[in-house]
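Inspection log for the structure reproduced underneath, given as structure tokens.
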Amino acid sequence: MNSVPIGLGVALPSRCITNTELPKELNTSDDWIIQRTGIHQRYVAGDGETTASLSTEAARKALANAKIHPQDVDLVVLGTTTGDYTFPATAVIVQKNLGISKGAAFDISAACSGFVFALDVADSYIKLGKARCALVIGADTYSRIVDWSDRSTCVLFGDGAGALVIQAQEAQNRGLMSCSIHSDGNYSRCLLTSGGVSTTGSAGSIKMFGQEVFKFAVEKFCESLTEQLINNHMTIDDVDLLIPHQANSRIIQKLIEISGIDEKKVLINISKYANTSAASIPLALNDVRNAFFSGGNTMLLSMGAGFTWGSALIRL
Ligand code: ACO
């Protein structure tokens with residue numbers, strides 16, 4: 001039994017803020033942000049827009065695209081670190097919004113690796129025969145937890161959601177061929193929030209040692225790419241699409257340089273959305289959805305707070 005992607009949907013808040021529209025007091029510039037990160041704009045959630053509402057919209061589109069009725073979904077796994085509530089899980093709100101009343105729904109906390117972690121868990125359920133049709137969602141609203149007076153972090157993030165429907169199919173050489181997830185808590189203080197429910201009683205705001213994260217991301221992207229190539233007896237030339245987490249275009253350029261992959265195969269869309277954390281990979285997949293669904297080998301690479309990192313090879 002294999003997990004085969006059959007539908008994809010995304011959602012963005014209605015408000016878009018370009019670099020030049022950022023508050024003057026931030027003392028940043030369009031040039032600095034573009035040169036250091038590749039970001040031109042980001043979408044920011046407004047009143048009534050939340051991780052659950054964006055996830056629900058993305059999931060509805062994914063189900064419509066897959067031509068699947070919500071009642072056929074028996075698992076909802078949602079990667080997020082900006083849930084609507086401390087509890088219940090945002091996944092159960094999405095489950096209710098969609099009218100799904102069976103199976104299980106839960107959140108996964110792996111920051112920017114949330115989507116790949118959620119994909120790995122859902123795939124395992126399908127492979128074990130414990131689920132037949134899963135909604136895998138990556139969604140975050142980091143605009144709600146950035147410190148809007150800290151120019152070194154607030155310019156980097158945006159909000160959004162993406163959902164992928166995966167279905168159990170008797171397919172040997174098609175679908176999610178392999179998926180790996182990793183974490184190393186020794187790096188937990190390189191990228192974290194300044195608070196939490198059990199420590200300060202609040203969500204806190206993002207604190208990051210940017211250069212450490214940068215180096216680690218390059219190293220783990222390269223390591224994960226090699227891991228998946230070995231798992232699938234492939235060379236870099238066999239990869240048709242490479243979808244890395246969008247944190248910084250310079251990180252992705254380093255990956256291209258080191259791996260030797262043809263640059264045309266690598267998706268870089270950070271200019272449009274900034275770093276949307278767990279939503280970054282499905283948003284990127286959506287930007288090349290025709291190529292993704294029309295066949296070939298698509299490699300996903302993620303890296304986030306924890307540190308967490310993960311990768312997947314999808315063949316359609
Ligand atoms: N505008 C203008 N200047 C700025 C800004 C800004 N927005 N931000 C920082 N600067 C200044 C700094 O104050 C510093 O000034 P100084 O030299 O006078 O001290 C200078 O720019 C250089 O700062 P650095 O932090 O050294 O800049 P760097 O080139 O490392 O870029 C960045 C910073 C963009 C954060 C980079 O390190 C990066 O992308 N890191 C990786 C982030 C990442 O991958 N995150 C992914 C995971 S996110 C998650 O999981 C939640």
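Please pick out the residue among Leu283, Leu301 that is part of a helix (DSSP H, G or I) and either surrounded by 16 or more Cβ atoms within 10 Å (Cβ to Cβ) or within 16 Å of the ligand (Cβ to nearest atom) (or both).
Leu283
Which of (1) out of contact with any Cys (no Cβ under 7 Å at 6 or more places or on another chain); (2) within 16 Å of the ligand (Cβ to nearest atom); (3) under 21 Å from Glu227 (Cα atoms) is the odd one out, the single condition Glu263 does not satisfy?
Every condition holds for Glu263 apart from (2).
Could you grab the pairs with beta carbons closer than 7 Å, sequence gap of 6+ or different chains, first residue in segment 180-195 and on the phi < 0 side of the Ramachandran plot, second one of a type in the set (A, V, I, L, M, F, W, C) and part of a helix (DSSP H, G or I)?
Ile181/Val116; Ile181/Phe117; Tyr187/Phe216; Cys190/Val213; Leu191/Val213
Do any helices (runs of 4 or more DSSP H) lying entirely in segment 16-130 carry at least 1 residues that are in contact with a Pro (Cβ under 9 Å, 6 or more places away or on another chain), within 16 Å of the ligand (Cβ to nearest atom) and closer than 18 Å to Gln246 by Cβ, and which ones are they?
Details: elements: 30-37, 51-66, 90-98, 114-127.
Per the criteria, 114-127.
State all residues of segment 197-206 that are without any contact (Cβ under 8 Å) to a residue 60 or more places away in the chain and either within 11 Å of the ligand (Cβ to nearest atom) or surrounded by fewer than 14 Cβ atoms within 10 Å (Cβ to Cβ) (or both); if no residue qualifies, say none.
Passing the criteria: Ser198, Thr199, Thr200, Gly201, Ser202.
Out of curiosity, is Asn248 crowded, with 19+ Cβ neighbours inside 10 Å, under 14 Å from Phe221 (Cα atoms) and modelled with pLDDT of 95 or more? Write out each step before concluding.
Numbers: crowded, with 19+ Cβ neighbours inside 10 Å: yes; under 14 Å from Phe221 (Cα atoms): yes; modelled with pLDDT of 95 or more: yes.
Judged against the criteria, Asn248 is a match.
Within segment 245-252, identify whether any single residue is assigned to a loop (DSSP other than H, G, I, E, B) and farther than 28 Å from Gln41 by Cα, and answer yes or no.
no
Out of the residues in segment 142-196 meeting the condition of being of a type in the set (A, V, I, L, M) and away from the ligand (no atom under 16 Å from the Cβ), tell me which one is surrounded by the most Cβ atoms within 10 Å (Cβ to Cβ).
Checked segment 142-196; the qualifying residue surrounded by the most Cβ atoms within 10 Å (Cβ to Cβ) is Ala163.
The values are calculated or read from the model by the stated rules, or taken from the named source; none is laboratory data. Small disclaimer: the values here were computed from a predicted structure and weren't measured. As a convention, Cβ positions derive from the backbone with ideal geometry for all residues, glycine included, and neighbour counts pool all protein chains shown.
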